[in-house]
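A short worksheet on the structure shown next.
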Amino acid sequence: MLGKKFFNNQVAGMAVMVLITTMPFLNFTMQLRGYTLSATLLSAAAFHLLSFERKPNYWHIAISLIIVTALLYTIPSNVFFVLSLGILFGIKWLVNGRDTNLGKKTGFSERWVQNRYFVILVAIAVSAFLSYLLYLPVLEDILNERHLQQVKGQSFHSYNVVDLFPKVVFYLTSFRVLFFIPFVVGPFYLYRELKKRTWKTDTLYHSLFIFLLFLLPFVISFIRGDKTPQRSFIPLSGPFA
């Protein structure tokens, strides 16, 4: 749905083909664990939040609130993905609030509160609070979980850069070495298209959004300095595809 609505049928079809041939995703699909469910919920959350951004409809926000709460409650490490969504829409909220082309909407409330990005951020915050309430009976065990602890009590640990990120990307490619070609050629192609201005603004924005949604969880883990298991990033199979 995400690829079809915000890109085109070809992109959607290609994403499906990539996803169903991604071995780590298929592996955890066969197991009774929450990683495949998390991948579904993450893609659904991105779909409904981006749909609300494009055309504000509170039905999308209501569904997003339920989905994000479920995403956080499925596996605690999914907080990385929800934080990433919050950061991305938070940046858009700041950019929108500082926009000088808002016409008559110059008041503080109109710029910062009465806009779709503020609604999205509130929905994410409410979801986080609801999941916190659901976790209360086991909250102490969650916070003391060894994989969420900092490595040697330090932030910015190199493990996340030199070990975690390369291995996760490699496993998601599932030995399809041709996938590395777009990683090398893609930035040059994007630069050329931007120079020609042949890409639609929406297409560029949504491409960047999906790319950052994939990258930010690793950045957050790096900043925290934790040693998150590689399997925790299986939900990124959707944005990767």
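The values are calculated or read from the model by the stated rules, or taken from the named source; none is laboratory data. Because the structure is a prediction, the values reported are computed rather than measured. A quick note on method: Cβ atoms are made from the backbone with ideal geometry, for glycine too, and the neighbour counts reach across all protein chains shown. Side chains included, ligands, DNA and RNA excluded: accessible areas come from the protein's heavy atoms. Shrake-Rupley method; radii C 1.70, N 1.55, O 1.52, S 1.80 Å.
Once the Cβ-Cβ distance of Arg176 and Leu133 is raised to the sixth power relative to R0 = 35 Å, the FRET efficiency obtained is 0.25.
Among Phe47, Phe81, Phe222, the sequence by solvent-accessible area, most first, with a 1.4 Å probe is Phe222, Phe47, Phe81. With 25 Å as the limit, write out which pairs from Lys92/Lys227; Lys5/Lys92; Lys5/Lys167 have Cα-Cα distances beyond it, or answer none. Too far apart for the 25 Å limit: Lys92/Lys227; Lys5/Lys167. If you plug the beta carbon distance of Arg98 and Leu204 into 1/(1 + (r/R0)^6) with R0 = 22 Å, you get a FRET efficiency near 0.65.
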